[in-house]
Amino acid sequence: MTWSDIDHFVPAEFDSPDVPGSGKECMVLDFVAQLDQARKHSGCPYRVTSGYRTPEHHDYLTEQGYKTSKNSSHLLGYAADISTPDSKTRYKVVRGLIKAGITRIGIGATFVHCDSDPDKTPGIIWLYR
């Protein structure tokens, strides 16, 4: 599998803001393919607000008051946050993620986090408050 097999995303959408090209180099392509399938199932566009994160960018987000995890799947290329500006979009995204087999989902007021980190517990949905 290569990035040319991905229909709905380009690598730059997953770049850490501090390192252009990091999405292509650091995202786990099997996860991106799964996310691509989820996008097809959802029937709505996905705007990635966070994909791969360098440790430096992750530390910056923590310093800015964002809730982050020390062992975030974003640091490994197994995670993405998708913008969900309304409840209808949120439903479509979550439905698509589940249909595509993504089993780790976090729901925030304006985004949905998803990851397929093989070292973390599958089959969970959590809320960001």
- Leaving out ligands and nucleic acids, note down the accessible area per residue over the chain with a 1.4 angstrom probe, in whole Å². 55 Å²
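With a 1.4 Å probe and all protein chains left in place, how much of the accessible area of the chain comes from carbon and sulfur atoms, in whole percent?
53 percent
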- Note on the structure: Filtered hits (lysines, Cα-Cα < 20 Å from LYS67, offset >= 8 within chain) -> LYS120
- Task: Putting +1 on Lys and Arg Cβ atoms and -1 on Asp and Glu Cβ atoms, find which of PRO85, SER50, THR62 reaches farthest to the positive end of the dipole of the chain.
- Result: PRO85
- Once normalised by the length of segment 72-114, the mean sequence separation of its alpha carbon contacts under 8 Å that are 6 or more apart gives a contact order in percent of 47 percent
- Query: Counting Lys and Arg as +1 and Asp and Glu as -1, each charge on the Cβ, what is the dipole of segment 37-129 about the Cα centre in debye, to the nearest 20?
  - Reply: 560 debye
- Query: Which length gain, in nm to one decimal place, applies between TYR128 and VAL10 when the Cα-Cα distance is subtracted from 0.36 nm times their residue separation?
  - Reply: 39.8 nm
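Would you work out if segment 49-115 is rounded, prolate or oblate? Take a ≥ b ≥ c from the square roots of the eigenvalues of the alpha-carbon gyration tensor; rounded if a/c is under 1.5, else prolate when a/b is larger than b/c, oblate otherwise.
Cα axes put segment 49-115 in the oblate bin.
The values are calculated or read from the model by the stated rules, or taken from the named source; none is laboratory data. Worth saying up front: this structure is predicted, and the values here are computed from it rather than measured. Cβ atoms come from the backbone with ideal geometry, glycine included; neighbour counts cover every protein chain shown. We work out accessible area using only protein heavy atoms, side chains counted, and drop any ligands, DNA or RNA first. Shrake-Rupley method; radii C 1.70, N 1.55, O 1.52, S 1.80 Å.
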